[in-house]
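Notes follow the structure.
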Amino acid sequence: MADLFEDYPFGRAWDEMFSAPGQIRPAYEGVFSALQQLDAADLTARADIMGRTFLDQGITFALGGVERPFPLDLIPRIVTAAEWRVVEQGVPQRVRALEAFLADVYGAGRIFADGVVPRRLITTSPHFHRQVFGMSAQDGARIVISGVDLIRDEDGGFRVLEDNVRIPSGVSYVLENRQAVAQVLSEAGADHEVRPVSEYPGRLLAALRAVAPWNVTDPTVVVLTPGVYNSAYFEHTLLAREMGVELAEGRDLICRNNRVYLRTTSSEMPVHVIYRRVDDDFLDPVQFKADSLLGVPGLVNAARAGNLTIANAVGNGIADDKLVYTYVPDIIRYYLAEEPILKNVDTYRMEVPDHREYALEHLAELVLKPVDGSGGKGIVIGSQADSSTLAKARTTVLENPRGWIAQREIALSTVPTLIGDKMRPRHVDLRPFAVNNGNDVWVLPGGLTRVALPEGELVVNSSQGGGSKDTWVLSAPPAAEPFTAAPPSGAADATQVLPVFTEGSMSQSMGGGMSQTMGGMSQTMGGAFDPMVQAPSSDTGLRTQHEQQQQVRPDDTTPENPVTPC
């Protein structure tokens, strides 16, 4: 049997599995041992089955107008309990600070008066909406769902790459990846105590109900989707199904007298909470784009009247602005009087003359990003760009400095990934998802690990050819959980450990079906993974012990780098 790891290259990036050539990190010893018993043909066959099943079930993304399965690499990304404690503390800290920031920006504006953040930073953001100025959030939760993108630097420390508090997506892949890997590579998890991810839909529903209008005792929640042509439609259907709520399009809802109703075949049902997956600009044609057919006229007025909660809140996009990102450490200090647990990547603000001058002179060493970009679009990686691309980038920055930031290039950590018939290092990031019920911020123990599949590529987005991995967060003794797949809706009380995979059993393990609701109508989608049932983890609360991670201190005082990045 050929060695899958033969000639595995070892570069300057932090490798998640290997601490040095041939030296396995303790957390990966079980996975490495299981992989040594397999060959490339076996792994490829299992991956092919997953890909076909994903496509059959609509677990896809749209690239160039073509629906494709989101590539899932079988080799998991493992995070130890000690490492995860940093994330479990750092992500809620960031969410709480951004909550306070958004409430202040759309309210008193103390942070402007105190000179911490310039007011023009907000007023020049395309995501700042005066239409919702003065509106307060139910239970102080503008950010019910968040996804904070993390990377590891060359020393293995987690750093925040960007914040997503508008409409973060990708959690459906977390849930489906766990089921898929558990079913086709269960032997790899036999020696690991992996925290489950199946609590997410229940936690999300509880949070949405918790932030309902104060005078409603039994709130009705709906998921608002742009429709079947949206690239994340599968996620919308999955979350609605798992939460047991209606999936609605704009045409299914009506607003009358500042109250929202869901049209059914026989009547109209009051709606109190909308988990919207429609962008601000298309959400309410009365307030935003008048020609939008995706939203519902009057939603913002219903929310202002206190009869409706929109999650996440309209106007949150200013916190996704990558220029605002550079101020988040100061925002944390200002509102929480704490030092950031998770550090930012060293960043230059192109609107600051000294920063701009330095960055344009050293553009070949930096990563240039548009402040409102998404999906990896518009990014210029200086070390990979030719002279023509760099010259064009300089011109673009000079034309609109407010629209750009530059960051030092970090060699994102790598995880072994099956490429052809060999394991090769590929760069990854991590998007932990957090749910805020107004009192507590819970972090899903796992998150979406995205992997850049082309060799040397640093952009992990699916729109740029990226894929994903299952993310295993290990339990700290004695709170151990068996490695199991996610349960079906309403089946979280039973416990069943996954059987060990045996040759010839893969195709039989992927039967069953899943249903989705569209505007009060049910539709069956056959062939979903047959879910195995697991017990919820008993270890889901936020850690109380403050634990700082080791971070690289930027060398900002050398003559070669006289400008201090943010």
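Throughout, read-outs are computed from the coordinates displayed, never taken from laboratory work. Keep in mind the model is a prediction, meaning the values are calculated, not measured. Backbone-built Cβ (ideal geometry, glycine too); neighbour counts: all protein chains shown.
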Scoring region 346-409 by relative contact order with C-alpha pairs under 8 Å, at least six apart, yields a percentage of 50 percent
Fewest-first ordering of 468, 292, 374 by Cβ atoms within 10 Å yields 374, 292, 468
Between residue 377 and residue 191, the FRET efficiency computed from the C-beta separation at R0 = 56 Å comes out, to the nearest 0.05, as 0.85
Links exceeding 28 Å between C-alpha atoms in this model, out of 377/469; 343/392; 392/422; 343/369; 289/392; 369/422, come to 343/392; 392/422; 289/392; 369/422
Subtracting the Cα-Cα distance of residue 455 and residue 266 from 0.36 nm times their residue separation yields 62.4 nm
Computed ³J(HN,Hα) along region 159-174: with the Karplus parameters 6.51/-1.76/1.60, θ = phi - 60°, integer Hz and x for glycine or proline, the list is 9, 7, 8, 6, 10, 10, 10, 8, 9, x, 10, x, 5, 4, 5, 4
Sequence order, region 223-240: Karplus ³J(HN,Hα) from phi using 6.51 cos²θ - 1.76 cosθ + 1.60, θ = phi - 60°, Hz rounded, Gly and Pro as x, gives 9, 9, 10, x, x, 5, 8, 6, 5, 9, 4, 4, 5, 4, 5, 4, 5, 4
Plugging the Cβ-Cβ distance of residue 365 and residue 304 into 1/(1 + (r/R0)^6) at R0 = 45 Å yields, to the nearest 0.05, a FRET efficiency of 0.40
Amide H proximity to residue 72 below 5 Å, modelled H, separation 5+ or other chain, gives 468
Counting sequence-distant residues (5 or more places) and residues on other chains, those with an amide H built under 5 Å from that of residue 366 are 382, 383
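Between residue 333 and residue 357, what length comes free when the chain is fully extended (0.36 nm per residue of separation minus the Cα-Cα distance, one decimal in nm)? It would help to have the intermediate numbers written out before the result.
Working: separation 24, 0.36 × 24 = 8.64 nm, distance 2.83 nm.
Difference between extended and current length: 5.8 nm.
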In whole angstrom, the spacing between the Cα centers of region 352-369 and region 144-194 equals 31 Å
Expected sort for 331, 254 with the fewest Cβ neighbours (10 Å cutoff) up front is 254, 331
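At R0 = 41 Å, how high is the FRET efficiency between residue 155 and residue 130 if r is their beta carbon distance? Nearest 0.05 is fine.
Working: r = 44 Å, r/R0 = 1.06.
The formula returns an efficiency of 0.40 here.
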Taking the alpha-carbon centre of each part, the distance from region 376-429 to region 202-238 in Å is 35 Å
Within region 149-179, the residues whose backbone N lies under 12 Å from a label point placed 7 Å from the Cα of residue 25 along the Cα-to-Cβ direction are 152-158
Most exposed first, judged by fewest Cβ atoms within 10 angstrom, 155, 139 run 155, 139
